[in-house]
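Worksheet: one structure, shown below.
The values are calculated or read from the model by the stated rules, or taken from the named source; none is laboratory data. Owing to the predicted nature of the structure, the values given are computational and were not obtained by experimental measurement. Cβ placement follows ideal geometry from the backbone for every residue including glycine, while neighbour counts extend to all protein chains displayed.
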Amino acid sequence: MSQPTIEILPLKKGFLRSAADATHALVRIIAPEKPADLQATPRSPLDIALVIDRSGSMEGKPLETAKECAIRIVSGLRPEDRIAIVSFDSQVTVVQALTSAIETQNIIKEIKGISSGGSTDLFAGWEEGAKQLAPFMKKDRIARVILLSDGQANHGVIDEKEIFERVTKIAGAGITTSTIGLGHGFNESLLSGMAKCGEGVANFGQEADDLDEAFEQQFAILSNSYLRQVEIKIQGGSDVKARLVGEILEYGASRARKLGTLPWGASLVAVVEMQIGQNAKGNELLAVNFRAHTKDGEVVKYGPQILSLPEVDLAAYASLAPDTAVASAISEAVISEKLEQVEELLRRRKHKEAKALFAEIENRSDLTDWAKQKIAYLKNLLDDDMVMAMKEMRYSRSDMVRGAKAREMAAFEQVVNRCVMADEDAVIRRKIASGRSVKRQTPTPPTATPDPTNGQA
């Protein structure tokens with residue numbers, strides 16, 4: 001198997017001992033281009049279990065959107081793919097056991113017949129989706145559960161930690177999970193957490209059109225995977241405190257993070273913050289290791305890759321020019337961290353503190369062009385629809401801090417990046433509005449929605 005490239009790109013080409021401010025580096029694991037002998041190879045066949053929430057809270061537009069999404073997915077499958085359909089409220093129904101996608105009209109008819117019901121046993125619905133796939137798993141096929149729900153679990157297993165543990169276990173066995181949040185009040189904590197633990201993708205939208213791009217991108221990356229379950233681990237050198245930037249509320253001073261699937265010809269990235277102490281010895285500041293699984297399930301390890309920099313004095317350090325592309329990536333990772341803090345303050349109804357922190361983000365001098373547009377969109381949402389603003393913050397953070405990127409560093413400044421897939425280019429759009437399709441994104445603020453917290457500060 002071709003070996004990936006590991007890069008550690010420092011903000012500056014030197015370090016200052018005992019500096020008041022931390023310094024940063026960008027870490028990338030880069031997949032090689034797809035070998036010529038694989039270029040013409042058809043994509044791996046898919047085994048998909050669509051799990052549709054039909055509970056009472058999904059009645060109306062959310063359920064109709066879920067059904068339309070499911071129909072579009074089924075219609076886009078190939079004859080070699082297989083599909084299962086599961087629906088649930090307090091009871092679970094296998095609408096269609098895993099079957100070939102050759103004849104889809106009967107499956108679509110069954111999807112159209114799903115109607116809303118009672119309570120939400122979300123875990124049981126997801127579990128049945130996984131059970132539909134488990135007996136038929138093969139190394140040359142890709143197995144994924146796609147859950148379409150508002151995430152309002154209120155029946156059966158409802159503890160998020162327990163659900164995440166089960167999803168993680170199944171992902172380790174080769175059945176990954178993606179989630180689609182539907183409706184205005186969907187539970188982003190549960191659905192985004194399931195996708196993360198399930199090594200899948202979390203998306204949301206109010207219209208089926210919002211999700212077409214997400215499905216296309218998801219399937220393209222799935223079928224063109226070079227490595228999966230990629231995990232980064234970092235270790236600071238002597239008297240060097242190192243942590244991965246982002247997701248601070250969940251992980252604290254994290255030294256390990258799952259980055260997901262690495263496609264051919266793309267890279268996965270992470271930003272590291274380093275505080276270099278007075279007693280740092282030598283010039284080896286950081287060690288980086290990666291652990292991953294191949295397409296065949298083999299565990300592979302890469303590293304350690306060492307960051308070594310010359311020590312310089314204050315005057316020399318001040319004169320060193322920062323790498324502008326690296327600075328852009330660092331800026332977005334830091335903003336992602338601050339948006340997480342804003343979201344948490346809003347959840348605790350500390351609106352005054354949240355708005356002050358958001359204003360601090362808005363006034364930063366290092367915002368990239370894409371981040372400026374994103375922040376402007378979030379500001380409109382905060383004024384008009386706080387519920388959706390919090391969801392946008394959560395779902396947009398992964399665009400800033402990690403995920404598959406085009407190999408060129410200029411990709412950090414592009415709105416559209418391209419990853420070359422097995423049979424076609426898959427356009428990976430860094431959207432301004434995570435919950436809208438590119439076609440529907442406009443600078444017009446969304447329709448105002450009453451603040452569920454009644455404006456309490």
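Values computed for the structure shown
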{"item": "Condition check for A266: at pLDDT 90 or above, under 30 Å from K138 (Cβ atoms) and either among the small types (G, A, S) or assigned by TED's automatic domain parsing to the domain that holds A202 (or both)", "result": "no"}
{"item": "Residues of the range 156-165 satisfying the condition of being surrounded by fewer than 18 Cβ atoms within 10 Å (Cβ to Cβ) and of a type outside the set (D, E)", "result": "G156, V157, I158, K161, F164"}
{"item": "Residue that is surrounded by the most Cβ atoms within 10 Å (Cβ to Cβ) [pool: residues in the range 278-293 that are in contact with a strand residue (DSSP E or B) (Cβ under 6 Å, 6 or more places away or on another chain) and part of a loop (DSSP other than H, G, I, E, B)]", "result": "A280"}
{"item": "Residue match in the range 52-66 (condition: within 30 Å of A318 (Cα to Cα) and modelled with pLDDT of 90 or more)", "result": "no"}
{"item": "Residues (β-branched (V, I, T), at pLDDT 80 or above and under 26 Å from I221 (Cα atoms)) located in the range 16-49", "result": "V27, I29, I30, I48"}
{"item": "Qualifying helices (runs of 4 or more DSSP H) (wholly inside the range 56-150; at least 3 residues being out of contact with any helix residue (DSSP H, G or I) (no Cβ under 8 Å at 6 or more places or on another chain) and over 20 Å from D212 (Cβ atoms))", "result": "105-112, 122-133"}
{"item": "Residue, surrounded by the most Cβ atoms within 10 Å (Cβ to Cβ), within the range 166-185, restricted to residues that are closer than 19 Å to R394 by Cα and of a type in the set (S, T, N, Q)", "result": "T179"}
{"item": "The range 79-93: number of residues that are in contact with a strand residue (DSSP E or B) (Cβ under 6 Å, 6 or more places away or on another chain) and hydrophobic (A, V, I, L, M, F, W, C)", "result": "4"}
{"item": "Selected residue (criterion: farthest from the chain's Cα centre (by Cα)) from residues of the range 21-55 that are more than 30 Å from R141 (Cα to Cα) and assigned to a strand (DSSP E or B)", "result": "T23"}
{"item": "Tabulated pairs, the range 16-30, first closer than 16 Å to D239 by Cα, second of a type in the set (S, T, Y) and not in a loop (DSSP other than H, G, I, E, B), C-beta under 6 angstrom, 6+ apart or interchain", "result": "L16/Y317"}
{"item": "Single condition A202 does not satisfy, out of (1) without any contact (Cβ under 8 Å) to a residue 40 or more places away in the chain; (2) crowded, with 18+ Cβ neighbours inside 10 Å; (3) small (G, A, S)", "result": "(1)"}
{"item": "Yes/no for S18 being within 30 Å of Y226 (Cα to Cα), more than 25 Å from the chain's Cα centre (by Cα) and not in a helix (DSSP H, G or I)", "result": "no"}
{"item": "One residue from Q235, Q217 being in a helix (DSSP H, G or I) and surrounded by fewer than 21 Cβ atoms within 10 Å (Cβ to Cβ)", "result": "Q217"}
{"item": "Residue among S319, S331, S336 that alone is among the hydroxyl-bearing types (S, T, Y), out of contact with any Asp or Glu (no Cβ under 9 Å at 6 or more places or on another chain) and not assigned by TED's automatic domain parsing to the domain that holds L26", "result": "S319"}
{"item": "Any helices (runs of 4 or more DSSP H) falling wholly within the range 303-385 and containing at least 2 residues that are within 30 Å of N283 (Cβ to Cβ) and not polar (S, T, N, Q)", "result": "314-319, 324-347"}
{"item": "Residue within the range 324-333 that is over 23 Å from Y395 (Cα atoms) and under 26 Å from the mean Cα position of the chain (by Cα) present", "result": "yes"}
{"item": "Residue check, L191 at pLDDT 80 or above, aliphatic (A, V, I, L, M), farther than 19 Å from A256 by Cβ and assigned to a helix (DSSP H, G or I)", "result": "yes"}
{"item": "A220, sole failed condition from (1) at pLDDT 80 or above; (2) in contact with an Asp or Glu (Cβ under 9 Å, 6 or more places away or on another chain)", "result": "(1)"}
{"item": "Any hit, the range 139-155, residues being farther than 26 Å from R394 by Cα, surrounded by fewer than 19 Cβ atoms within 10 Å (Cβ to Cβ) and free of Cβ contacts under 8 Å to residues at least 60 places away in the same chain", "result": "no"}
